[in-house]
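Here the structure comes first, spelled out in structure tokens, and everything after it is commentary.
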Amino acid sequence: MPAQDSPDIGVEPETGSGSAGGPAAVPGPAPAPGSAPAPGTAPMPPAPVAAIDPEDPAARSTRVQMAAAVVAMLMLVGVGFHLLFVTLHVAPPNQASRKYADATDSWIYPLFEQNWRLFAPDPLNINVRVNARVQYKAADGTRTESAWFDLTGDDVDHIRGNPFPSKADQNLLRRAWDFYNSHHADDGTRTGGHALLSEQYLRRIVIGRLQDAGRADGIVAVQVRAVSTQIAPPGQGPIEPTVRELVWWEASPDDFR
């Protein structure tokens, strides 16, 4: 009987093809990230860096987003309080407006005063020109007095021929005088709760105008006067103007801010 083939004892069967018929190479462990490549191995290319779009909200840092949220919240709170005070100021008298009248007035006057003559116009029938003169103090302590400056005339010069005149040129000085006049009698006696505030407001606007004109160096005192001329009815001749001179006010450092 022919002999049966039997596998060679002690010889391991081949599991794969290798070089020159040798055993197959077993892959080793992958190199750790950031480690140097093995000798004879090509270095791996660097990972691509993604471009950051500054307009992308997801790319902004948490701190920037939190700061923006805080600023937006503060602005909303400020606008809310401002609208609340304006509402109390223009609303008909009620329990809330009477209770918070002092706080409302201190916030509204003089910058946010509401004037509803837009719906019930009351045309002006008096031309008022606000003038001012000042006292300068020299280095030796002597004081010199200037001539009168026509501040209203300066505003008129800025308005005429200007298709887009400034609201400050049109209203700031005039409203400051109206604010003062409504809280003082003709002899200068204070008659309203905001009389002192109206004096400070008018004085600072006058000094600010003189600063803009380069006339404020060395000012230690300021005096204001109003020259009022009634607008004559049709067919009537001109009316003689009246002059109201206020007392001298000493200037303070706050007036020059």
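When you look at G161, is it on the phi > 0 side of the Ramachandran plot, at pLDDT 90 or above and part of a loop (DSSP other than H, G, I, E, B), yes or no?
So G161 fits the description; yes.
Is it true that some residue in the range 201-213 is assigned by TED's automatic domain parsing to the domain that holds L246, of a type outside the set (D, E, K, R), in a loop (DSSP other than H, G, I, E, B) and exposed (fewer than 15 other Cβ atoms within 10 Å of the Cβ)?
Yes, there is a match, as at least one residue in the range 201-213 is assigned by TED's automatic domain parsing to the domain that holds L246, of a type outside the set (D, E, K, R), in a loop (DSSP other than H, G, I, E, B) and exposed (fewer than 15 other Cβ atoms within 10 Å of the Cβ).
Looking at (1) surrounded by fewer than 18 Cβ atoms within 10 Å (Cβ to Cβ); (2) out of contact with any Gly (no Cβ under 9 Å at 6 or more places or on another chain), find the lone condition where S182 falls short.
(2)
With the structure loaded, tell me whether R215 is of a type in the set (K, R), out of contact with any strand residue (DSSP E or B) (no Cβ under 9 Å at 6 or more places or on another chain) and in contact (Cβ under 8 Å) with a residue 60 or more places away in the chain or whether it fails that test.
No; evaluated as a whole, the condition is false for this residue.
With the checklist (1) out of contact with any Lys or Arg (no Cβ under 7 Å at 6 or more places or on another chain); (2) exposed (fewer than 14 other Cβ atoms within 10 Å of the Cβ); (3) not in a loop (DSSP other than H, G, I, E, B); (4) not aromatic (F, W, Y) in hand, flag the one item A139 doesn't pass.
(3)
Residue check: is E145 of a type in the set (D, E), surrounded by fewer than 16 Cβ atoms within 10 Å (Cβ to Cβ), out of contact with any helix residue (DSSP H, G or I) (no Cβ under 8 Å at 6 or more places or on another chain) and touching a residue at least 12 places away in the same chain (Cβ under 8 Å)?
The answer is yes for E145.
Tell me yes or no: at least one residue of the range 97-114 is outside any helix (DSSP H, G or I), modelled with pLDDT of 90 or more and either exposed (fewer than 10 other Cβ atoms within 10 Å of the Cβ) or of a type in the set (S, T, N, Q) (or both).
no
Mind telling me which of the residues D154, D187, D105 ends up being over 26 Å from A216 (Cβ atoms) and touching a residue at least 40 places away in the same chain (Cβ under 8 Å)?
That would be D105, the only listed residue that is over 26 Å from A216 (Cβ atoms) and touching a residue at least 40 places away in the same chain (Cβ under 8 Å).
Which residue is surrounded by the most Cβ atoms within 10 Å (Cβ to Cβ), if the candidates are limited to the range 229-257 and must be polar (S, T, N, Q) and in a loop (DSSP other than H, G, I, E, B)?
S252
The values are calculated or read from the model by the stated rules, or taken from the named source; none is laboratory data. Predicted model only: the values in this text are computed from it and were never measured. Virtual Cβ from ideal backbone geometry, glycine too; neighbours counted across all protein chains shown.
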